[in-house]
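Undergrad: Structure below; questions to follow.
The values are calculated or read from the model by the stated rules, or taken from the named source; none is laboratory data. These numbers were taken from a predicted model, which means no experiment stands behind them. Here the Cβ is made from the backbone with ideal geometry for all residues, glycine too, and neighbour counts use every protein chain on show. For the accessible areas, the whole protein counts, side chains as well, though only heavy atoms, and no ligand, DNA or RNA atoms are used. Shrake-Rupley method; radii C 1.70, N 1.55, O 1.52, S 1.80 Å.
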Amino acid sequence: MNVFDDLTTRVRTAVRAALGSEGADLSRIVVEPAREAGHGELATNAAMVLAKPLGRKPRELADAIAAELRGDADIATVEVAGPGFINLTLAPSFWQSLLGSIIAADSAYGRSKRGAGEKVNVEYVSANPTGPMHVGHCRGAVVGDALASLLEANGYAVTREYYINDAGKQVEVLGESALLRYREALGETIGEIPEGLYPGDYLVPVGQALAQDYGPRLLNMGPEALTIARDTAVAMMMEMIRGDLAALNIEHDVFFSERSLIEGGTDRVAEAIQALQARGLIYEGRLPPPKGQVEPDWEDREQMLFRSTEFGDDVDRPLIKSDGSYTYFASDIAYHYDKYLRGFRQMIDVWGADHGGYIKRVQAAVKAVSGGEAAADVKICQLVNLFRAGVPVKMSKRSGNFVTLREVVQEVGVDPVRFMMVFRRNDAPLDFDFQKVTEQSKDNPVFYVQYAHARTCSVFRQAAWEAPDVDASAEALGRAELARLVDSGEIGLIRRLAEFPRVIESAGEAHEPHRIAYYLYELASEFHGHWNRGKEMPQLRFVNHGDRESTAARLALVHAVRLVLAEGLAILGVSAPVEMR
RNA sequence: GGCCCCGUAGCUCAGCGGAUAGAGCAGCAGCCUUCUAAGCUGUUGGUCGCAGGUUCAAUUCCUGCCGGGGUCGCCA
């Protein structure tokens, strides 16, 4: 039910009829919404695309195609304009019946089957399990989650995944920090937390849990105690992080432990390296030191390298540290190899801006390890700048004075956080103002869009009161005399609703959930605008006194607007309130 | 120095190769004696960082500069 696909097909048919089908490439022909009112409702580039291959003038081709299109009863006007555009307006009856289809499709409207059930893995958040999530993690969390939903709306089989970095030095430090808290829980005075350990209070419960479970036994246990403390701490931190995510309504399908790659008998990292070796992509060699930067302890040594440059990386990458353990990247290769073995050919990783330099090597790894069958897209999320009524919120890691995700959600609620995080492109920095995002005013996009939905609901409440004889059920509205919808504002709204499937597809294809947010903003704006016209011109109001048929038709339109707003907000994980009080 | 991202109206930003580049805010001019719930309507404002290239067509793709940010073996 994508109008643009529908019309593209019709245009291609018209092209074949007008010009014969002698092998011309019709794939580049598209029908798009016209940008300006003066350019009709839809426009196609068919004539311009075909001009060159056919060796004919665009305007001439356009005239021939246009003549063909005029035979289509759904097309009201056809005009050739500019360099060879064919501008179309559709018959009101076309839009009216489209509205009927939208209502019939109900919550399936906008959903695409383009993904055809293909498996996609979206890995996001993946915050280190060393403490609670702070606002910095928030954006990636929301972007990843909304992207996952967006891909589901496009018919993909999506797995939401979290990679737990539970294998490196940081979790060892976490373990040590937990042991200190353990001694504290046993009654020792530990004084100030030493430099280099995690000072946060959130480790106090970990120490208490250890004390409760083990009593004083860990004190003389040796290295084993550290392992126990570490594992306990990681488990409890992950519990906390899950709670943080739950506060954002985020739930992952898979939590993948980095440590699991090397524990439990099989060395999955070694297997991944072997897979690369089998493809001749591993060698012993030396790396040039980084240029333009002083590296005092640079040690030139012969080491095992992955030939990632073969896949577009800048230098080949080491897999084994000088102490003999695997590099983080080696584990990550194994992790992505695992994703490939689980059947994912499309992998999306959502990372913070500071990981930008890591993209090429992971993409190289995915290509290498899958023999070119799989590909990774990496979405980088830029910083979020916090404000309170326009004043920057100071944050310093050193003083531990960072704002946690939980605090933000508690203060402003989930909806403003989720909406604002996708109201920018992920790769552009974003300003987040605690005060503005909760304002109930036109200037606050969250409110503006949610209010549009609430307003649609309000119309129905009003209708039940003022026009109780009109059956406002979805079934009845689907049967309404939609031909009553002739006002330009009404048709305009239907036209906007018609764009929804197209927005879902293009946003899904580009992996850009923010486009949904912008679309919803535009739809809301158009709906509010039409509403406001009813102030000056009561005859345009949805509840049209004394005319049941007209009221029913308009309620059908409002119902469809509500449907699309709710669907779009659902993709973003933002609620669609029935009232804003 | 290498690599990556960004550069569009005074500000914050949209813009999947298409026409005269859009929105919100701010500014300006009206309306707001009351109704459909958090005002409304209109309007000013642009060498799309610069220079080349590809194309019928470039803000969009490519190359090189300029400016801002990030990042740069054995951290994750």
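Undergrad: Which of the following residues is without any contact (Cβ under 8 Å) to a residue 24 or more places away in the chain, within 19 Å of A:SER97 (Cα to Cα) and of a type in the set (Asp, Glu): A:GLU490, A:GLU481, A:GLU475, A:GLU499?
TA: A:GLU475
Undergrad: Looking only at the stretch A:497-529, which residues are more than 16 Å from the chain's Cα centre (by Cα) and not in a helix (DSSP H, G or I)?
TA: A:GLU499
Undergrad: Right, next: With A:GLU579, A:GLU499, A:GLU526, A:GLU522 as the choices, which residue is within 30 Å of A:ALA246 (Cβ to Cβ), within 12 Å of RNA strand B (Cβ to nearest atom) and among the charged types (D, E, K, R)?
TA: On inspection, the qualifying residue turns out to be A:GLU579.
Undergrad: Output the number of the condition that A:THR266 fails; it satisfies all remaining conditions of (1) modelled with pLDDT under 95; (2) within 13 Å of RNA strand B (Cβ to nearest atom); (3) of a type in the set (Val, Ile, Thr).
TA: Only one criterion is unmet by A:THR266, namely (2).
Undergrad: If you don't mind, another one. Considering only residues that are polar (S, T, N, Q) and within 30 Å of A:TYR335 (Cα to Cα), look in the stretch A:163-218 and name the one that is modelled with the lowest pLDDT.
TA: A:GLN170
Undergrad: Which one of A:ALA278, A:ALA272, A:ALA247 is over 19 Å from A:SER325 (Cβ atoms) and touching a residue at least 12 places away in the same chain (Cβ under 8 Å)?
TA: Exactly one residue qualifies, and that residue is A:ALA247.
Undergrad: Give the residue that is surrounded by the fewest Cβ atoms within 10 Å (Cβ to Cβ), with candidates limited to residues of the stretch A:326-361 that are small (Gly, Ala, Ser) and in a helix (DSSP H, G or I).
TA: Looking at the filtered set, the residue picked out is A:GLY357.
Yes/no per residue for (1) touching a Phe, Trp or Tyr at 6+ places or on another chain (Cβ under 6 Å); (2) open to solvent by 30 Å² or more (accessible area, probe 1.4 Å); (3) farther than 30 Å from A:ALA148 by Cα:
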{"residue": "A:ASP487", "(1), (2), (3)": "no, yes, yes"}
{"residue": "A:LEU493", "(1), (2), (3)": "no, no, no"}
{"residue": "A:TYR521", "(1), (2), (3)": "no, yes, no"}
{"residue": "A:ARG548", "(1), (2), (3)": "no, yes, yes"}
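Undergrad: Restricting the stretch A:94-131 to residues that are outside any loop (DSSP other than H, G, I, E, B) and touching a strand residue (DSSP E or B) at 6+ places or on another chain (Cβ under 7 Å), which is nearest to A:GLN170 (Cα to Cα)?
TA: Among them, the one singled out is A:GLU123.
Undergrad: Here's something else I'd like to know. Take the residues in the stretch A:444-464 that are out of contact with any Leu (no Cβ under 7 Å at 6 or more places or on another chain) and within 17 Å of A:ARG418 (Cα to Cα), then tell me which one is most open to solvent (accessible area, probe 1.4 Å).
TA: A:TYR451
Undergrad: Could you pull out the residue among A:LEU150, A:LEU174 that is among the aliphatic types (A, V, I, L, M), open to solvent by less than 10 Å² (accessible area, probe 1.4 Å) and over 29 Å from the mean Cα position of the chain (by Cα)?
TA: A:LEU174
Undergrad: What is the one condition in (1) of a type in the set (A, V, I, L, M, F, W, C); (2) away from RNA strand B (no atom under 12 Å from the Cβ); (3) open to solvent by less than 20 Å² (accessible area, probe 1.4 Å) that A:LEU42 does not satisfy?
TA: (2)
Per-residue answers, yes or no, for (1) within 16 Å of RNA strand B (Cβ to nearest atom); (2) closer than 30 Å to A:GLU411 by Cα; (3) open to solvent by less than 30 Å² (accessible area, probe 1.4 Å):
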residue: A:ASN87; (1), (2), (3): yes, no, yes
residue: A:GLN96; (1), (2), (3): no, no, yes
residue: A:ALA104; (1), (2), (3): no, no, no
residue: A:SER112; (1), (2), (3): yes, no, yes
residue: A:VAL120; (1), (2), (3): no, no, yes
residue: A:ALA127; (1), (2), (3): yes, yes, yes
residue: A:MET133; (1), (2), (3): yes, yes, yes
residue: A:VAL143; (1), (2), (3): yes, yes, yes
residue: A:ASN165; (1), (2), (3): yes, yes, yes
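Undergrad: Would you be able to say whether some residue in the stretch A:382-405 is under 30 Å from A:LYS339 (Cα atoms) and open to solvent by 70 Å² or more (accessible area, probe 1.4 Å)?
TA: yes
Undergrad: Acidic (Asp, Glu) and surrounded by 14 or more Cβ atoms within 10 Å (Cβ to Cβ): is that true of A:GLU411 in this structure?
TA: yes
Undergrad: Can I ask one more? Output the number of residues of the stretch A:65-85 satisfying the condition of being buried (at least 18 other Cβ atoms within 10 Å of the Cβ) and either in a helix (DSSP H, G or I) or near RNA strand B (Cβ under 10 Å from one of its atoms) (or both).
TA: 7
Undergrad: Right, something else. Against the condition farther than 27 Å from A:ALA428 by Cα, within 15 Å of RNA strand B (Cβ to nearest atom), open to solvent by 40 Å² or more (accessible area, probe 1.4 Å) and outside any helix (DSSP H, G or I), how does A:ASP314 come out, does it pass?
TA: no
Undergrad: Identify the single condition in (1) β-branched (Val, Ile, Thr); (2) in a loop (DSSP other than H, G, I, E, B); (3) under 29 Å from A:THR327 (Cβ atoms) that A:THR227 does not satisfy, given that it satisfies every other one.
TA: (2)
Undergrad: Another one. Among the listed residues A:ARG28, A:ARG35, A:ARG59, which satisfies the condition of being farther than 30 Å from A:ASP487 by Cα and part of a loop (DSSP other than H, G, I, E, B)?
TA: It is A:ARG28.
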